[in-house]
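What follows is a set of notes on a single structure, which appears directly below.
Since every read-out is calculated from the coordinates, none of them should be taken as a lab result. Only a predicted model underlies this, so the values are computations on that prediction, with no experimental measurement involved. When we count neighbours, we look across all protein chains shown, and the Cβ atoms used for this are built from the backbone with ideal geometry, even at glycine.
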Amino acid sequence: MRVCLLIIAFIVSGDLMAQRMPHGMVYGSKPSRVGLVQANKLEAFMGKRPRVSVSVAGRVAQVTNTKGGWFDVDAGNGKIITAHFKNNSINIPKSLKNRYIVMDGVAQRQMISDDHQHYAGGDSRGHSRPSGPRHLLSFEVKGLVVEK
């Protein structure tokens with residue numbers, strides 16, 4: 001009898017420790033679905049605008065820092081959108097990796113100087129431009145909801 005109760009208690013406690021992230025979990029404010037753009041089409045949607053307020057749907061590639069909500073979203077073709085919450089008090093779990101999300105906020109292009117203006121006054125022969133457009137977009141998240 002005691003063994004049966006012990007086994008049942010062990011199973012129940014194991015389920016409580018490994019809680020799954022429920023569908024529809026919201027971090028920050030609930031995002032709007034009006035004008036929803038897929039992550040792989042965000043750069044084309046922005047055109048030549050440096051900043052745009054938009055709702056984006058995509059898959060989380062990696063959670064870089066749980067405190068403050070820092071994560072990367074897969075934008076297709078090897079491109080990554082770096083994202084973080086506007087409110088630093090929001091913490092996200094590591095289990096958010098490979099989940100599909102909808103996030104609302106401000107997308108911004110990262111400006112890279114072509115003519116090394118950030119080295120003005122110095123010798124720029126030893127410096128080179130970063131190769132490959134991996135992190136060209138950053139996203140400041142106001143709200144996020146877990147889709148699947």
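Before moving on, here are some points about what is shown:
- Additional length obtainable on full extension of the chain from Ser29 to Lys97, 0.36 nm per residue less Cα span: 22.5 nm
- Spacing of the two label points (7 Å from each Cα toward its C-beta) at Lys67 and Met111, in nm: 3.2
- Excluding same-chain neighbours fewer than eight residues apart, the lysines reachable from Lys41 by a Cα-Cα span under 25 Å are Lys30, Lys79, Lys86, Lys97, Lys142, Lys148.
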